[in-house]
Structures are given as structure tokens and as C-alpha cells.
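Enquirer: Handing you a structure now.
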Amino acid sequence: MSSLLLPRQQQLNRLFHLMVVFAVLGPTLGIKIPWGAAEPWINVTLFRIAFFLLVASLIIRWVQEQSLESTHLYPIRWHTGFFAFWVLYSAASLAWAANLGYGIRYTVFLVTMLLLCLSFPFFLKNAGKIICSVRVLFGVYFTMVVFGLIESLTFWHLPASRYFGTDSPNPTSFFTNQNDFATAITLGLPFLVTAMYMLPIRRRTKGLLYVTGIIALCVLFITGSRSNSGFALPLAGIAWLVLIKFTLNGRQLRRHLLKGIGLLVLAALLVNLLNHTLLSQHTRDRLGATMGVLQDLRGDWSIQKDGTQPQEEPASGDQSINMRKALIMNGLQFLHQSNYFGVGAGNIEHHMVGAPGTGGKVNIHNWWVEILVNYGVAIFLLYMALYGWLLYRLWRLARIENADTLSPTVRWGAAASLIALVGYFFGGMSPSTAIHFTPMWIVYGLALAVVAVGTREEKGESGRKAAERKE
């Protein structure tokens, strides 16, 4: 307790890393507390406990020292400013939100996740601290995918899983459903692949990364998530192939080319062998219907004047794509009715109750449309503009031209974050909602930390060269 009353930087760093671990494992690791008649129990997760302890510790330090060192956040000031504006807009939207309870809950989630995101550039002030945090994240990722493989073999699900107490072969690991788990896998894979050739690591470490990647790919296909295996993963793969040209010089590319092709072929064979053994017939049929998903997406996107959606025979074999289309179409109608200011924080669920063609679902199942409908056109355009600018800044840091001025950690972090965030264009269409999907916020925060550290390294190198010229 005394350490929290007098928080030192090392203790704060430990608490930060605990919070990061619990951010992924949090839904499983929690304490249920009696709450009331309407909601008998409230789940106080270890992530929430660690988060509030960290916030309290920082407030205590701020009171003691009358300031918190934050000048190192200057390179990401536009992102920080937008996050502050987003929170203010979210609070203001409660004035016209139809369901105030939903709005308050969503705004609390937004504040929590934005602070989680900004905690990465706040604590990771240099390349060494980035590596330290990445090791912690790798341990979480390894635990997550290995448990997912065990889960697919034993059908033993954690209490947080939607399949708890059933014999379902769908692995969810520490998440509620398999789509969230699959999105977390695709977000982490680029960091494993790029580390194999961009970081100066030992052969034993490369072997561990390679095995982890194979397990992750195997479990990804077992989840049966078509948006991740059929769209997000290929998009991330294309981004990676394009980026290789800019991150390696000709000599490095020739040296790694044959070895890389061999490892990719071996990985494909191993994943195919494991999946041939582990995949259920239902999952095989689901993954095989990916082309049917494209046909479903090309179908009718209109809603009739009487408010109903045209009934179509789904080419993919199930109604999930048609229901997602209906969720989007209804959401856009709600946006139009709000004069494009948004329906208010978290109020999509309120308006979606009883909407046609949704099959009773109320979450919109698309992060990009979720932002648009909840918060309107202004917030959406600002979010997407800064998202695109972040991708551009990551690309500039990852380029081979910066090999002499930036640390390998920064260039690797930039390349991996760029690939992961590009893949998330489709990955963000998989979870029911991403407002409290911590893996996405962690990758976003890590990308901001890389940009902040990389910008300072660039300026430091420019200053050093200017001093040498003066001499």
C-alpha cells in the first residue's frame, strides 16, 4: 500500500504491464460482486482493478510533484487532441441520446480504452521500453494461442466463453466468442513475422516465434472466422509483401528470400496438416463458403419502403452476412434520421431493437460503421483521417532509408503495426463491438508509441548531424 501512496517509476511500470496483461485476460480473470435485482452480479475484472490503481497512482504522483512528464507525447499531439475532443463529443451526445444508460456506459468504455491506448506512448519513452513491453505482450499472445489449441482439442472452455459448459469445437481462448479471438490473432501475427528478419534476435527466439506463428494460424482457421481468415489475413499479407520492398535493401532481400519462401512453404504444410486433423466438417464448410460471402455482399443492400429487407438465399450457406448487411443498412438509416450528428454514444443498440432483417442482433458488428452511426460524420472523418495519417507515419519510419538513423526496434514496430492496422480494416468487421476490444486499442497504442519514439530519434539524429556540420 505504501508503494501506491508514494509511487515510483519502476512500480508504475510494473503496474502498467500488469494492466496490459489483464487487458487481454481480463474477461476471464475477475471477481463477481453482488449488485442488484436488475443485474444480480457485476464482474470486476482484474483489468479494471489494475487500470484504476494505475490511474490513482498517477494522480498521486501528479499531486505530489505538481506535474507529470508528458513532453515526449508531443509527436502524437494531434491524436491526443482528437481523443480529448472525441470524449467531449461523446459526453455532449448524451443530451440527445435516446437511452441515457447506454450512452453513459459507452462513454465510460471510450474513456477507459482511450487511456489504455495513450498509456503506451506515455510509458514507452524509448526503444528499450518498447522491447520490454513487447516481451510481455508476446507472453500473453503465446498463452492465448496455445490455450486456444488446447481448447480445440479438449472442448474445455473458460467461463467467459459463450461455449462454456458445451462440447463446441470453436476455440475462444480468453475471449467471449471465436471472432474476437480470431481478430486478436490476426492483429498479433505481423509482429511475429516481421520480427523474424527485422530484429537482431537469437536463432532460438526465432524458432519460438515461428512455432507460435504456426499455432496461431492453425487456431485462426479452427475458429472459422471468415472475415479474418478470408479477408483480414490476406489483406495483411498483401501489405506485408508490398512493405518488404521498402524495409529491406537488395542485399538483405536476396539473403532472406529463399529462406523466407522455404519457411512459408513449411508453415503452410504444417498448418494444413494440423487443420486437416483438427477442423470439424462444419468449420470446413464455413471456411469453404468464403466466395459465397463475396456473392452475398454483392446482393441487394436496399431496405423496402415498408421497412423490410429483401429475402435472399445466401450463397455462403447461412444468414450471417445478410444480417450484417441489414445491421449496416438500418444503422445508416438511423444516422440519416439524426441529421448525421450520430444517434449518441452507444445508442445503436437501443435503436436496433426490432429492426428488420437483423435476426434479433443489436450490435452493429462493424467498428467503422459503429463510430459513424454513434458519433456522426464529423468524428468518423476525423478518426479515419488520423488513422490514415498514422499509417503513413508508420510507413515513413519503417523504410530502409532510416536504417542508419532509427533503431531496429522502431523500424520493426512501425512495419508490424502498419501491417496489423491495415489488416484491421477487415478485422474490425468481425467483433460485435470494438469499443472494449482491448487488443485493437493495444496495437493502436503501440503504434502511437513507435511514432513518438521514432520521431524523437529522427530529431535527435538530425540535431547530431547539424552539430557535426557546425564543428
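Enquirer: Taking only region 399-422 into account, find how many residues are crowded, with 20+ Cβ neighbours inside 10 Å and modelled with pLDDT under 95.
Expert: Here is the first cut: in region 399-422, the residues crowded, with 20+ Cβ neighbours inside 10 Å are 406, 409-422.
Those still in the list that are modelled with pLDDT under 95 too: 406.
So the answer is 1.
Enquirer: For region 101-110, indicate whether the set of residues that are farther than 20 Å from Val443 by Cβ, free of Cβ contacts under 8 Å to residues at least 60 places away in the same chain and out of contact with any Leu (no Cβ under 9 Å at 6 or more places or on another chain) is non-empty.
Expert: yes
Enquirer: Could you pull out the residue among Tyr340, Tyr383 that is under 24 Å from Asn228 (Cβ atoms) and surrounded by fewer than 22 Cβ atoms within 10 Å (Cβ to Cβ)?
Expert: Details: Tyr340 fails: under 24 Å from Asn228 (Cβ atoms).
Of Tyr340, Tyr383, the one residue that is under 24 Å from Asn228 (Cβ atoms) and surrounded by fewer than 22 Cβ atoms within 10 Å (Cβ to Cβ) is Tyr383.
Enquirer: Take Ser225 and decide whether it is more than 18 Å from Val443 (Cα to Cα), buried (at least 24 other Cβ atoms within 10 Å of the Cβ) and not hydrophobic (A, V, I, L, M, F, W, C). Can you show your working first?
Expert: On the way: more than 18 Å from Val443 (Cα to Cα): yes; buried (at least 24 other Cβ atoms within 10 Å of the Cβ): yes; not hydrophobic (A, V, I, L, M, F, W, C): yes.
So Ser225 fits the description; yes.
Enquirer: Oh, and also: In the list Leu269, Leu257, which residue meets the criterion of being modelled with pLDDT under 80, assigned to a helix (DSSP H, G or I) and surrounded by fewer than 17 Cβ atoms within 10 Å (Cβ to Cβ)?
Expert: Numbers: Leu269 fails: modelled with pLDDT under 80.
Of Leu269, Leu257, the one residue that is modelled with pLDDT under 80, assigned to a helix (DSSP H, G or I) and surrounded by fewer than 17 Cβ atoms within 10 Å (Cβ to Cβ) is Leu257.
Enquirer: Given (1) under 30 Å from Trp395 (Cβ atoms); (2) in a helix (DSSP H, G or I), where does Pro200 come up short, assuming only one miss?
Expert: (2)
Enquirer: Are any residues in region 359-386 of a type in the set (S, T, N, Q) and under 17 Å from Tyr102 (Cβ atoms), and if so, which ones?
Expert: Step one: list which residues in region 359-386 are of a type in the set (S, T, N, Q), which gives 363, 366, 374.
Of everything in region 359-386, those that are of a type in the set (S, T, N, Q) and under 17 Å from Tyr102 (Cβ atoms) turn out to be Asn363, Asn374.
Enquirer: Being more than 25 Å from the chain's Cα centre (by Cα) and among the hydroxyl-bearing types (Ser, Thr, Tyr) is the filter; apply it to region 313-357 and report the residue that is modelled with the lowest pLDDT.
Expert: By that ranking, first place goes to Ser316.
The values are calculated or read from the model by the stated rules, or taken from the named source; none is laboratory data. Just so it is clear, the model here is predicted, and its values are computed rather than measured. As a convention, Cβ positions derive from the backbone with ideal geometry for all residues, glycine included, and neighbour counts pool all protein chains shown.
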